[in-house]
Amino acid sequence: MLQPTEVSSQPTVNSFANTTATPEKKSGGCASKGCGSTKTEELAPNIQERVANHPCYSQEAHHHYARMHAPVAPACNIQCNYCNRKYDCANESRPGVVSELLTPEEAAHKALVIAGKIPQMTVMGIAGPGDPLANPEKTFRTFELVAEKAPDIKLCLSTNGLALPEYVDRIKALNIDHVTLTINMVDPEIGVKIYPWVHYKRKRYRGIEGVKILHQRQMESLDLLQKADILCKVNSVMIPGINDQHLEEVNRVVRSKGAFIHNIMPLISSPEHGTYFGLNGQRGPTTEELKTLQDKCDVGGMKMMRHCRQCRADAVGLLGEDRSKEFTKEAIMEMTPEYDLEKRKEVHAGIEGFRNKLAKAKTETQITETVAQAGPPILLAVASKGNGLVNQHFGHAKEFMIYEVDGVKARFIAHRKVDHYCLGGYSEEGSLENIIKAISDCKAVLVSKIGDGPKGKLLDAGVDVVESYDVIETVALDFYKQFIKLIQPA
Ligand code: CLF
Ligand code: SF4
């Protein structure tokens, strides 16, 4: 019996092999060779071990493990045109405000509380709301306190890299094994359209002069992280008309300097965010533009992150479920930390057992499929609460995971946020219309359950419905098998 998440908000999963998929008429064609493979399996064993339970560095892990952010770093040393600098870092958070800043002591207390309440939380990151290394004392004090009291929590840092060369030894000494650098350009002429100023060594540099400093320090940071054997993820914000054509070059450069994974994120830009770009009508990329660029960069051996949720600097939980509202400062300061290393180890062992079972089920799908031929790729939308399963009611989904399926493999490519359909009454029809619009390029939606009303509307819109409770790749490839039969001439 497998109970990987019994103490979390997620349901217990005892078995995923005894469920029935009920694809509609158009369903089809699983030729499931290599279904759901992740590049994690191809990594060197020591790297595999380092990323295995990091929800951002491993796409597969993000179904099972959670992270929390400690919002202890308000100041920043540069200005990005997509940031309002209030309380949110757009690099690692969606625009808005962090509810509350914490002191290092409060943040460490929160980490211990959450480590007890959400034992699948394996990573504590500091990602803002400003730049962590522009607030070095608060940032490192927080890491020190957590490392001392909760040694099994991985420490993670996200920075623009300007100050990193000064602190790389301290980062290494604290065993911070995962560092994200946000690099949006390797050409200062492009950077000057993104960064109006840079504050370096007590002086503010405007225009190209500042951008050149930032670029040089970011390149130095990449080299130093590689030398120190610290895993480096690069985040880039895709800004149409500014750096969209340039990010392939950024990808090439950061790959050559040892970055482990590249996360190309869409610019989030609205006038109400009060950013320079938002106020000046700079648009973000469409989902198609983002995917095209990610596909172009998904070559040459470096992994491409596609499961980023651009989370808040105070986010808590699995990447797709932000539980930060449950852990306000007032609430956590009244909670007693229940950090229990042995209990956490037990929970993690349960998760690993479940992952092994999941991997076995995927392998079995491959083996039982004898004629596996790639066909035309299609997109499928999946409602999942985690654990790598189709296991969420259509009406409860706040987002859909998008898989590209070609009969040989089912590959996660994106997630799409949607309004809740079951909002308890108001605006349900409008919400359903928005959901249908958001997944209208998908051939089917895979859900654990769905009501007749929305099911009929989805079918009318040409989106098939599959009700199941099983491994995502298995359901997706089964659907493809039937789908392809229907579209192929007899
Ligand atoms: Fe946080 Fe960033 Fe560490 Fe992850 S987030 S500091 S690497 S633990 Fe993850 Fe959030 Fe995307 Fe960042 S989903 S915004 S990539
Ligand atoms: Fe904002 Fe982060 Fe850019 Fe600083 S580095 S300006 S906090 S987005």
Original post:
Is there any pair with a first residue in region 125-137 that is under 15 Å from Thr103 (Cβ atoms) and a second that is more than 10 Å from ligand 2 (Cβ to nearest atom) and in a loop (DSSP other than H, G, I, E, B) whose Cβ atoms are under 6 Å apart and which are 6 or more apart or on different chains, and what are they?
Top reply: Ile126/Ala70; Pro129/Pro71; Pro129/Val98
Original post:
Among the residues of region 295-319, which ones are aliphatic (A, V, I, L, M) and within 19 Å of Ile153 (Cα to Cα)?
Top reply: Ala313, Ala315, Val316, Leu318, Leu319
Original post:
With respect to His54, is the statement that it is more than 28 Å from Leu162 (Cβ to Cβ), modelled with pLDDT of 90 or more and not β-branched (Val, Ile, Thr) true?
Top reply: no
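Residues checked against (1) within 16 Å of ligand 1 (Cβ to nearest atom); (2) of a type outside the set (A, V, I, L, M, F, W, C); (3) part of a loop (DSSP other than H, G, I, E, B):
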residue	(1), (2), (3)
Arg312	yes, yes, yes
Leu319	yes, no, yes
Asp322	yes, yes, yes
Thr336	no, yes, yes
Arg344	no, yes, no
His348	no, yes, no
Gly353	no, yes, no
Subject >> Candidate set: region 58-100, residues that are closer than 17 Å to Glu352 by Cα, within 13 Å of ligand 1 (Cβ to nearest atom) and in a loop (DSSP other than H, G, I, E, B); chosen: the one modelled with the lowest pLDDT >> reply: Gln59
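Please return the ranges of helices (runs of 4 or more DSSP H) entirely within region 137-249 where 2 or more residues are touching a strand residue (DSSP E or B) at 6+ places or on another chain (Cβ under 7 Å). Spell out how you get there, then give the answer.
On the way: elements: 164-173, 188-191, 207-227.
Because the criterion is at least 2 residues that are touching a strand residue (DSSP E or B) at 6+ places or on another chain (Cβ under 7 Å), the helices (runs of 4 or more DSSP H) in region 137-249 that meet it are 207-227.
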**OP:** Can you give me the number of residues within region 310-324 that are away from ligand 2 (no atom under 16 Å from the Cβ) and in contact (Cβ under 8 Å) with a residue 40 or more places away in the chain?
**Re:** 8
**OP:** Could you list all residues from region 273-310 that are among the hydrophobic types (A, V, I, L, M, F, W, C), surrounded by 18 or more Cβ atoms within 10 Å (Cβ to Cβ), out of contact with any Leu (no Cβ under 8 Å at 6 or more places or on another chain) and outside any loop (DSSP other than H, G, I, E, B)?
**Re:** Leu290, Met304, Met305
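Considering only region 283-303, I want to know if a residue exists there that is of a type in the set (D, E, K, R) and within 23 Å of Val179 (Cβ to Cβ).
Within region 283-303, the subset of a type in the set (D, E, K, R) is 283, 288-289, 291, 295-296, 298, 303.
Keeping just the survivors that are within 23 Å of Val179 (Cβ to Cβ) gives 298, 303.
Yes: one or more hits.
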Subject >> Residue list for region 165-177, restricted to those being in contact (Cβ under 8 Å) with a residue 60 or more places away in the chain and within 14 Å of ligand 1 (Cβ to nearest atom) >> reply: Asp177
Subject >> Matching entry among Ile264, Ile208, Ile268, Ile213 (being modelled with pLDDT of 95 or more and either crowded, with 21+ Cβ neighbours inside 10 Å or within 16 Å of ligand 1 (Cβ to nearest atom) (or both)) >> reply: Ile264
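With Leu157, Leu164 as the choices, which residue is in the same structural domain as Val316 (by TED's automatic domain parsing), in contact with a Phe, Trp or Tyr (Cβ under 9 Å, 6 or more places away or on another chain) and aliphatic (A, V, I, L, M)?
Numbers: Leu164 fails: in contact with a Phe, Trp or Tyr (Cβ under 9 Å, 6 or more places away or on another chain).
Every option except Leu157 fails the conditions.
The values are calculated or read from the model by the stated rules, or taken from the named source; none is laboratory data. Predicted model, so just to flag it, every value in this text is computed and none were measured. Using ideal geometry, Cβ is built from the backbone for each residue, glycine included, and neighbour counts are taken over all protein chains shown.
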